[in-house]
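J.: Input: one structure, supplied below.
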Amino acid sequence: MNQKPSSPVVDRRTFLKGLGTSAVAVASVQVGAMADEINKAAGPGGASPQGPGAVPVTLTINGEKKDFQLEPRVTLLDALRNYGPLTGTKEVCDRGTCGACSVLIDGKLTYSCMKLAIDTQGREITTIEGLAKDGQLTPVQQAFIECDALMCGFCTPGLVMATTALLAENPKPTVDEIKRACSGNLCRCGTYPHIIKAALKASDQSVTETTTVINYGNVA
Ligand code: FES
Ligand code: FES
């Protein structure tokens with residue numbers, strides 16, 4: 001004759017429920033411990049953790065202060081394009097490899113997809129929209145037009161910002177210096193020779209049809 005087991009039977013549902021409850025309990029303890037660590041690191045009167053919901057963020061863009069409500073995870077690129085709205089700054093890779101999103105922060109060339117908007121408060125942010133004044137293009141912008149330094153134009157704002165940053169530091173760059181300064185900006189259309197000529201022209205250096213900017217070596 002079959003005898004019933006004397007100990008209580010744990011069925012699959014009860015087992016999984018129990019497992020779920022313990023996992024939540026462990027996770028809660030871990031999150032609590034992490035929050036304690038962050039608060040300890042901030043110290044008394046230190047910065048308190050922000051978010052995850054939207055918080056007030058004030059950015060200085062092209063000389064104007066703008067107030068936003070942004071989640072702390074929002075990148076500067078996202079803030080500019082989707083909340084600005086300043087769509088001249090382009091989003092291509094969104095992971096710091098192409099340079100299409102380049103802006104100036106306190107005059108330094110920066111990939112805006114690699115910066116959190118909240119961390120750029122109190123800094124001077126310049127986008128492509130902030131270069132021309134009273135409808136007057138900058139010498140770099142003008143040179144890009146005159147040297148036909150664009151095809152689809154998607155990389156162009158980033159390259160104009162890169163060239164602008166270079167000339168602010170080095171008003172008469174050599175071809176090699178231009179190449180190095182623009183090496184973080186990819187142009188899939190391959191207009192590099194025209195971009196280099198534009199940078200030379202914007203820095204008042206002679207550029208002619210026959211100016212050599214790319215040495216192809218002994219290509220058969
Ligand atoms: S979109 Fe930022 S580097 Fe490509
Ligand atoms: S002009 Fe098309 S990617 Fe540069």
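J.: Inspect segment 103-118 for any residue being at pLDDT 95 or above, within 15 Å of ligand 1 (Cβ to nearest atom) and assigned to a loop (DSSP other than H, G, I, E, B) and give the result as yes or no.
T.: Yes, segment 103-118 has at least one match.
J.: Which of the numbered conditions does residue 200 fail, given that it passes all the others? Conditions: (1) at pLDDT below 95; (2) on the phi < 0 side of the Ramachandran plot; (3) away from ligand 2 (no atom under 16 Å from the Cβ).
T.: (1)
J.: When the residues of segment 70-111 are filtered to those that are surrounded by fewer than 16 Cβ atoms within 10 Å (Cβ to Cβ) and of a type in the set (S, T, N, Q), which remaining residue is farthest from residue 57 (Cα to Cα)?
T.: This residue is 97.
J.: Follow-up question, since we're still on this one. In segment 161-179, what residues are in a helix (DSSP H, G or I) and either within 16 Å of ligand 1 (Cβ to nearest atom) or in contact with a Leu (Cβ under 9 Å, 6 or more places away or on another chain) (or both)?
T.: Here is the first cut: in segment 161-179, the residues in a helix (DSSP H, G or I) are 161-169, 175-179.
Residues satisfying the conditions are 161, 162, 164, 165, 166, 168, 175, 177, 178.
J.: Which of the residues spanning segment 127-160 are within 16 Å of ligand 1 (Cβ to nearest atom) and among the polar types (S, T, N, Q)? Full working, then the answer.
T.: Taking segment 127-160 as the starting set, the residues that turn out to be within 16 Å of ligand 1 (Cβ to nearest atom) are 127-128, 152-160.
127, 156, listed by residue number.
J.: Going through segment 139-166 one residue at a time, which ones are open to solvent by 30 Å² or more (accessible area, probe 1.4 Å) and in contact (Cβ under 8 Å) with a residue 24 or more places away in the chain?
T.: Hits for segment 139-166 are 139, 142, 146, 148, 150, 151, 152, 154, 164.
J.: When you scan segment 191-212, how many residues do you find that are polar (S, T, N, Q), open to solvent by 10 Å² or more (accessible area, probe 1.4 Å) and either under 16 Å from residue 139 (Cβ atoms) or within 22 Å of the chain's Cα centre (by Cα) (or both)? Lay out the reasoning, then the answer.
T.: Initial filter on segment 191-212 (polar (S, T, N, Q)): 191, 203, 205-206, 208, 210-212.
Now narrow it down to the ones that are open to solvent by 10 Å² or more (accessible area, probe 1.4 Å): 205-206, 208, 210-212.
If we keep only those that are either under 16 Å from residue 139 (Cβ atoms) or within 22 Å of the chain's Cα centre (by Cα) (or both) too, we end up with 205-206.
Result for segment 191-212: 2.
J.: Yes or no: residue 167 within 16 Å of ligand 2 (Cβ to nearest atom) and of a type in the set (A, V, I, L, M, F, W, C)? I'd like the intermediate steps shown before the answer.
T.: Details: within 16 Å of ligand 2 (Cβ to nearest atom): no; of a type in the set (A, V, I, L, M, F, W, C): yes.
Criteria not met by residue 167.
J.: Can residue 112 be described as under 12 Å from residue 158 (Cα atoms), more than 16 Å from ligand 2 (Cβ to nearest atom) and of a type in the set (Gly, Ala, Ser)? So that I can check it myself, show each step before the final result.
T.: On the way: under 12 Å from residue 158 (Cα atoms): yes; more than 16 Å from ligand 2 (Cβ to nearest atom): yes; of a type in the set (Gly, Ala, Ser): yes.
So residue 112 passes the test.
J.: Another question about this same structure. Mind listing whichever residues of segment 112-128 are open to solvent by 60 Å² or more (accessible area, probe 1.4 Å) and not hydrophobic (A, V, I, L, M, F, W, C)? Walk me through how you get there before you give the answer.
T.: Going residue by residue through segment 112-128, those that are open to solvent by 60 Å² or more (accessible area, probe 1.4 Å) are 114-116, 119, 121-124.
Answer for segment 112-128, where residues must be open to solvent by 60 Å² or more (accessible area, probe 1.4 Å) and not hydrophobic (A, V, I, L, M, F, W, C): 115, 119, 121, 122, 123, 124.
J.: Now a separate question. Sort through 62, 2 and tell me the only one that's open to solvent by 30 Å² or more (accessible area, probe 1.4 Å) and modelled with pLDDT of 95 or more.
T.: The match here is 62.
J.: Follow-up question, since we're still on this one. Among the candidates 188, 180, single out the residue that is under 25 Å from the mean Cα position of the chain (by Cα), surrounded by fewer than 20 Cβ atoms within 10 Å (Cβ to Cβ), more than 16 Å from ligand 2 (Cβ to nearest atom) and over 30 Å from residue 50 (Cα atoms).
T.: Working: 188 fails: more than 16 Å from ligand 2 (Cβ to nearest atom).
When all the criteria are applied, what remains is 180.
The values are calculated or read from the model by the stated rules, or taken from the named source; none is laboratory data. All values reported here derive from a predicted model rather than from experimental measurement. Cβ: placed from backbone, ideal geometry, glycine included. Neighbour counts: every protein chain shown. We work out accessible area using only protein heavy atoms, side chains counted, and drop any ligands, DNA or RNA first. Shrake-Rupley method; radii C 1.70, N 1.55, O 1.52, S 1.80 Å.
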